[in-house]
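The structure under discussion appears below in the form of C-alpha cells.
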Number of protein chains: 4
Amino acid sequence: MPKFEHDKNTKRTDAMWKTQITPRFSETDAKGHINNNVVPVWFAAGREAIFRLFSPDMDFTRVDLIVARIEVDFKAEIHCRTDVEVRTFIRKLGNSSVQIGHELWQDQHKVAEGTAIMVHFDYQTKQSSPLPDGIRSALQQHLLESTESNAQQQGHPDQDIKAEGLSHQLS
Amino acid sequence: MPKFEHDKNTKRTDAMWKTQITPRFSETDAKGHINNNVVPVWFAAGREAIFRLFSPDMDFTRVDLIVARIEVDFKAEIHCRTDVEVRTFIRKLGNSSVQIGHELWQDQHKVAEGTAIMVHFDYQTKQSSPLPDGIRSALQQHLLESTESNAQQQGHPDQDIKAEGLSHQLS
Amino acid sequence: MPKFEHDKNTKRTDAMWKTQITPRFSETDAKGHINNNVVPVWFAAGREAIFRLFSPDMDFTRVDLIVARIEVDFKAEIHCRTDVEVRTFIRKLGNSSVQIGHELWQDQHKVAEGTAIMVHFDYQTKQSSPLPDGIRSALQQHLLESTESNAQQQGHPDQDIKAEGLSHQLS
Amino acid sequence: MPKFEHDKNTKRTDAMWKTQITPRFSETDAKGHINNNVVPVWFAAGREAIFRLFSPDMDFTRVDLIVARIEVDFKAEIHCRTDVEVRTFIRKLGNSSVQIGHELWQDQHKVAEGTAIMVHFDYQTKQSSPLPDGIRSALQQHLLESTESNAQQQGHPDQDIKAEGLSHQLS
C-alpha cells in the first residue's frame with residue numbers, strides 16, 4: 001500500500017527535494033495519459049534544486065554538470081487530473097559524478113522512478129572535475145541509503161567510472 | 001573512430017530501422033546544444049516503426065505496448081546544425097516483452113544510445129499478453145546479437161521478468 | 001512602469017485566473033532565454049481553469065472546446081531564473097465562442113500577451129454549439145472590458161463568426 | 001476542394017519553402033489528435049530556412065531575428081498517421097521586420113495557417129536594425145502577393161511599426 005510506504009519513510013522523504021508540478025493537457029498523448037517522454041522532463045525539473053547549489057544566482061548556463069545517463073522505470077499510468085510530486089535525492093557521490101535518484105508520486109502512489117548520473121566537467125581542460133567541497137557537503141545532506149526497492153536501480157558498479165571517463169568524448 | 005566502427009558493421013546497421021530527424025532550434029537549450037530530454041523523444045519516434053507492425057493503419061492508440069523502462073547514455077553533445085539518425089533494433093524478445101536498442105548518430109558519430117523495454121499488454125485482463133506470432137517473426141528480423149559496446153546496456157537478468165510482472169500495477 | 005500599471009489595475013487583475021509556473025531549463029533555447037514556442041504552452045496551461053468549469057471531475061477529454069485561433073505578442077525576453085504568472089481572462093463571449101485573453105508576467109513586467117479563440121463544439125452534429133448557461137455565467141465573472149493596450153488584440157470583427165463557422169471543416 | 005486549390009496555385013506553391021515533418025506520437029494529446037501547441041513548433045521549424053540565409057554555417061545563435069508576434073488559425077484536426085508539410089513564405093518586408101506566412105498541409109488539406117512577425121535586431125544598440133540588402137533580395141524571392149484567403153491574416157497596418165518599436169523593451 002503506497003500510502004503506508006510513504007508514511008513510514010518520513011525521515012527518508014524529508015531528506016528529498018520536492019517539486020510540485022501541475023500536469024498540462026499538452027503533456028498527455030492519444031492514449032489518454034501523460035506521455036512517457038514527459039517524465040524525464042519532470043525529473044530534470046526536480047534536479048534544478050541541485051543546479052541552485054552550483055549557481056546561487058541561478059544562472060544554469062554556468063553550471064558545469066553534464067548528464068551522462070538517465071533511467072526511468074514506469075510503474076503506473078500518470079493522469080492529467082491531479083498534481084504530481086517529484087522527489088529527488090542523492091544515491092551516490094563519486095569523485096566528480098553524482099548519482100541522483102528520482103521518484104514521481106501522484107495520488108499517494110509512486111508512479112515512476114528513475115536515476116540520473118551527472119558529471120562535473122571542466123570545459124577548459126575538457127575533463128571531469130572533482131565536485132567542490134562545499135557542494136559535496138550540501139549534496140551529502142540529501143544522500144539516502146539504498147532501500148530494497150531501489151537497490152536494483154543502483155546500476156552497474158562501473159557506471160560512475162564510465163561516467164567519469166566521459167570527458168574525452170566531449171568537445 | 002566512430003566512422004570506422006560504423007563502416008565495418010554494415011550488416012548490423014542494415015538490420016536496424018532508421019529514422020532521419022532534423023533537430024529543431026526549439027529543441028536546443030541555453031547550453032547551446034540539444035537538450036537531454038529531447039533524446040528520449042527522438043528514440044520514441046524511432047520506435048514508431050514497431051508500432052506500425054501492430055497497427056497497419058497506424059492507429060497507435062490501438063497498439064497495446066506499454067513502456068516499462070527507458071535508459072539513455074549520452075556520449076557527446078548534440079548540435080542543431082545537421083540531421084541526426086535514430087537507429088532502432090531489437091535486443092531481446094521475451095514472452096510478452098521486447099527490449100529495444102537505440103543509437104543516435106550525428107556527423108558519423110554515435111552521440112547517444114539507449115534501451116526501451118516495452119510490454120505487450122491486455123487492457124481487458126489487465127495482464128501482460130504474449131506477443132502475437134506474426135509480430136514476433138517480424139521483430140526477429142531486427143534482432144541483433146549483442147556487441148561488446150552494448151553488453152553493459154543489456155540490463156539486469158530480471159528486467160524482463162519485472163517488466164512482465166508490471167501488469168497488476170496498471171489500472 | 002509595469003509595477004505601477006500592475007498596482008493600479010488591482011480590480012482588473014483580481015478578476016483574472018492566475019497560474020504560477022516555474023520555467024524549466026529544458027524550456028530555454030540556445031539564445032539563452034525561454035523559447036518562443038513555450039509561451040503558447042503556458043497560456044494553454046492558464047486556460048485549464050476554463051476547462052474545469054466544463055468538467056468538474058477534470059476529465060478534459062470530455063471538454064468540447066476547440067481552439068480555433070491563437071495569437072501571441074512577445075514583449076520582452078523571458079528568462080529561466082524566476083517564476084512566471086499567467087493571467088487569463090475573458091475578452092468576449094460569443095454565442096458558441098469564447099475569446100480568451102492571456103498575459104505573461106515575470107519580475108513585475110508583462111513579458112508577453114495573447115489571445116485564444118475557443119469554440120464550443122458538438123461532435124455528434126459536427127457543429128458549433130451554444131455555450132451552456134451556467135458556464136456562460138461563470139465565464140462572465142472573468143469578462144474584462146478592453147483597455148487601450150489590448151484593444152489592438154481584439155482581432156477583426158468577423159473572427160468570432162469565422163470561428164463559429166469552423167464546424168463544417170472538422171471531421 | 002483543397003486538392004484543386006493546391007493544384008491551381010502551383011506557381012504560388014513553388015515560391016514557398018517546404019518542410020516535411022513526420023508527426024510524433026508524443027505530439028498527440030488525450031483528444032487523440034496533434035496538440036495545438038505543436039503547430040507553432042512546426043511553423044518555427046519551417047522558418048529555419050530563413051535563418052539559414054542569415055547564417056550559412058547554420059549557427060542560429062548568431063541570427064539576430066526576434067519573434068515579435070505569432071498567429072495560428074486551426075482549420076481541421078491534425079492526426080498522427082501521415083506526414084505534414086509546412087509551407088513558408090514572405091507576406092511583407094518592412095525596413096527591419098519580416099512578416100512570414102505559414103501553411104500546414106496534411107492529406108491534401110490545409111489544416112492550419114499562421115503568421116510570424118520577426119524583427120532584425122542589433123543587440124549592441126538594442127534597436128531594430130535594417131535587413132541587410134543581400135538577405136532582403138533573397139527573401140523577396142519568396143514574397144507572395146496576398147490572396148483572398150490570407151488577406152484577413154495580414155494583420156493591422158501598424159503591426160510592423162509596433163514590431164519595429166519593440167527594441168526598447170528588450171534588455
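The values are calculated or read from the model by the stated rules, or taken from the named source; none is laboratory data. This structure is a prediction, so every number in the text was calculated from the model and none was measured. All Cβ positions, even for glycine, are placed from backbone atoms using ideal geometry, and neighbour counts span all protein chains on display. In case anyone asks, the SASA skips ligands and DNA or RNA and just uses the protein heavy atoms, side chains included. Shrake-Rupley method; radii C 1.70, N 1.55, O 1.52, S 1.80 Å.
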Between the modelled labels at A:ARG52 and C:LEU143 (7 Å from Cα along Cα→Cβ) the distance in nm is 4.2
For D:LEU65, the accessible surface traced by a 1.4 Å probe with all protein chains present amounts, in square angstrom to the nearest 10, to 20
Distances from A:GLN124 to the same residue in each other copy, label points 7 Å out along Cα→Cβ, in nm, shortest first? 2.7, 6.7, 7.2
For Cα pairs less than 8 Å apart in space and 6+ apart in sequence, what is the mean separation divided by the residue count of the range A:11-90, i.e. the relative contact order in percent? 56
Copies of A:ARG52 compared via label points 7 Å along Cα→Cβ give distances in nm, shortest first, of 2.4, 4.3, 4.6
In whole percent, the fraction of accessible protein surface over the range D:2-130 that belongs to carbon or sulfur atoms, probe radius 1.4 Å, stands at 49
Give me the distance in nm between label points sitting 7 Å out from Cα along the Cα-to-Cβ direction at A:LYS126 and C:ARG81, one decimal. 3.2
Placing a label point 7 Å from Cα toward Cβ, how far apart in nm is A:LYS11 from its equivalents in the other copies, listed shortest first to one decimal? 5.8, 5.8, 8.2
Taking each residue of D:113-119 in turn, how many C-beta atoms of other protein chains fall within 10 Å of its C-beta, and what is the average? 1
By accessible area of protein heavy atoms, probe 1.4 Å, what ranking do B:LYS11, A:LYS92, A:LYS18 get, highest first? B:LYS11, A:LYS18, A:LYS92
Buried accessible area between C and A, both sides, 1.4 Å probe, in Å² rounded to 100, is 1400
Is the C-alpha gyration tensor of the range D:10-165 telling us rounded, prolate or oblate? Criteria: a/c under 1.5 is rounded; beyond that, a/b larger than b/c is prolate, otherwise oblate. prolate
Accessible area of the range D:10-165 divided out per residue, in Å², using a probe of 1.4 angstrom: 39
Using only protein heavy atoms and a 1.4 Å probe, report how much of A:ILE50 is accessible, in Å² to the nearest 10. 0
Just grab the label-to-label distance for C:ASP133 and A:ASN95, each label 7 Å out from Cα along the Cβ direction, in nm (one decimal). 7.7
Net charge of Cβ neighbours under 12 Å - reference C:ALA112; Lys, Arg +1; Asp, Glu -1: -2
Mean separation of Cα contacts under 8 Å (at least 6 apart) over the residue count of the range B:10-165, i.e. the relative contact order in percent, is 25
Bridge type composition, the range B:10-165 - antiparallel percent by DSSP, nearest 5: 95
Quote the relative contact order of the range C:73-115 in percent (integer), defining contacts as alpha-carbon pairs under 8 Å separated by 6+ residues. 43
At 1.4 Å probe size, what's the solvent-accessible area of C:TRP105? Round to the nearest 10 Å². 20
Students sometimes get this wrong: rank C:ARG81, C:ARG47, A:ARG136 by accessible area, probe 1.4 Å, all chains present, largest first. C:ARG81, A:ARG136, C:ARG47
